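Shown next, in structure tokens, is the structure this report addresses.
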Amino acid sequence: MKSVKFLSWETIEKKTRWIFEKFPSEKILSSRVRLARNIEGFPFPHNMSFKEGEKVENLILEKLIEYQTDEIFIIRVDKISQIEKDFLVERHIISKEFTENHLPSTVVIFPEERVSIMINEEDHIRIQSIQPGNNLRKAFRMVNRIDDFLDKKLNYAFSKELGYLTACPTNIGTGLRASFLLHLPALSLSGNIKRVFGAIEEIGIMVRGFYGEGTIPAGNIFQISTRETTGKEEKEIIEEIESVVKLIMEEEKKALEMLKKSENLKKKIYKELREIKEIESISSEEFFPIFSLVSLAEEMGIISMNRRVLKNLFIETLPAHMQFKKKMVLSSVERDYERGKIIKRKVRSLNV
């Protein structure tokens, strides 16, 4: 039976962990498909008034609560705290831009489908599914099922010549963006990553950071994303990025085998791990490379560390997650010292 009552943040936290399920056991951390849609007869969000935003929001919510699913979480993003907003951003449930919206902003989450729907972001509707590991086809099925449902209930802004109309011209057509979140420590350390990324960017594939658009790659975690959808079929977009990621993973595998043969590199990594023990304060930006180094050391057999411990290390040191767990606001300095304590405690257990 569908539940639409208010749920505690502890419940929401428990049922939205899908972005982290493959950390760091697989190099393909997650697969994401996003569809952009707009309602006919309304301006795009950047031109909407607050009242128009409310009308669009209510119209979409009325339809979404009819969707057949076990549970539905409805969160009014412009009514929650900054920590709660940042928490949802860190989980990739919503975008950073969505938290700064001037319109009524709601995210609808279907936990069973691993789908979140942002209402009044850059477009009226942003449907996205993030599936753990290499699961792009499943992510597409999930968003497509909800899109088909809404298409029967709402009048989408659509042109026979152009396809679905969107706020950003690069999304016109299918309105689909597909991406993978990859962890590529060996390829980065080998020095071959610029060559590989240069080649894929020439064919229209974008490289971004952990939080997607507008973020710089850090700690060897990269989002590999399609660029334009105009003139392409959905199947073509999916197959194109899948083939690109397959080639990237082959390059990562070759780089790892090469690194394993270097005894000098193993000694260098071991030395760097020992030096982490002496660090008192670690910023969020500094953490990503440390996590990647520890993960690579485990993969190369330099250290032995339970991968669940590694995953928890990543989650526990994210800024909003850290504050969410402590149930209090921490300054950036306090977060850096707390992160330092967590990392030192984990590294100490390795006896390096």
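The values are calculated or read from the model by the stated rules, or taken from the named source; none is laboratory data. Computed from a predicted model, the values in this text were never measured in an experiment. As a convention, Cβ positions derive from the backbone with ideal geometry for all residues, glycine included, and neighbour counts pool all protein chains shown.
The residues of region 262-277 that are more than 16 Å from residue 299 (Cβ to Cβ) and surrounded by fewer than 16 Cβ atoms within 10 Å (Cβ to Cβ), listed by number, are 263, 264, 267, 271, 274, 275, 277. Of all residues in region 282-309, those satisfying the criterion of being within 19 Å of residue 339 (Cβ to Cβ) and not in a helix (DSSP H, G or I) are 282, 283, 305. Checked against the criterion of being more than 21 Å from the chain's Cα centre (by Cα) and under 17 Å from residue 14 (Cα atoms), the candidates 341, 327, 311, 346 yield just one match: 327.
Within region 237-253, track down each residue that is surrounded by 14 or more Cβ atoms within 10 Å (Cβ to Cβ) and either of a type outside the set (Asp, Glu) or at pLDDT below 90 (or both). Correct list: 237, 238, 241, 244, 245, 248, 249.
Note on region 245-281: residues that are assigned to a loop (DSSP other than H, G, I, E, B), in contact (Cβ under 8 Å) with a residue 40 or more places away in the chain and under 16 Å from residue 294 (Cβ atoms) amount to 2. Being hydroxyl-bearing (Ser, Thr, Tyr), over 30 Å from residue 136 (Cα atoms) and either modelled with pLDDT of 95 or more or in contact with an Asp or Glu (Cβ under 6 Å, 6 or more places away or on another chain) (or both), is that true of even one residue in region 49-67? Yes: region 49-67 contains one or more residues that are hydroxyl-bearing (Ser, Thr, Tyr), over 30 Å from residue 136 (Cα atoms) and either modelled with pLDDT of 95 or more or in contact with an Asp or Glu (Cβ under 6 Å, 6 or more places away or on another chain) (or both). Go over the candidates 29, 35, 59 one by one and state the one that is over 24 Å from the mean Cα position of the chain (by Cα) and either of a type outside the set (D, E, K, R) or under 30 Å from residue 185 (Cβ atoms) (or both). Residue meeting the stated conditions: 59. Quick check on residue 108: is it assigned by TED's automatic domain parsing to the domain that holds residue 166, of a type outside the set (D, E, K, R), touching a residue at least 12 places away in the same chain (Cβ under 8 Å) and assigned to a strand (DSSP E or B)? Taking the combined requirement at face value, the residue satisfies it. Going by the structure shown, is residue 118 of a type in the set (A, V, I, L, M, F, W, C), assigned to a strand (DSSP E or B) and at pLDDT 95 or above? The answer is yes for residue 118.
Restricted to region 282-299, and to residues there that are in contact (Cβ under 8 Å) with a residue 60 or more places away in the chain and among the hydroxyl-bearing types (Ser, Thr, Tyr), the residue that is surrounded by the most Cβ atoms within 10 Å (Cβ to Cβ) is 295. So which residues in region 75-102 are more than 13 Å from residue 212 (Cβ to Cβ), among the acidic types (Asp, Glu) and either crowded, with 16+ Cβ neighbours inside 10 Å or in contact (Cβ under 8 Å) with a residue 24 or more places away in the chain (or both)? Of everything in region 75-102, those that are more than 13 Å from residue 212 (Cβ to Cβ), among the acidic types (Asp, Glu) and either crowded, with 16+ Cβ neighbours inside 10 Å or in contact (Cβ under 8 Å) with a residue 24 or more places away in the chain (or both) turn out to be 78, 84, 86.
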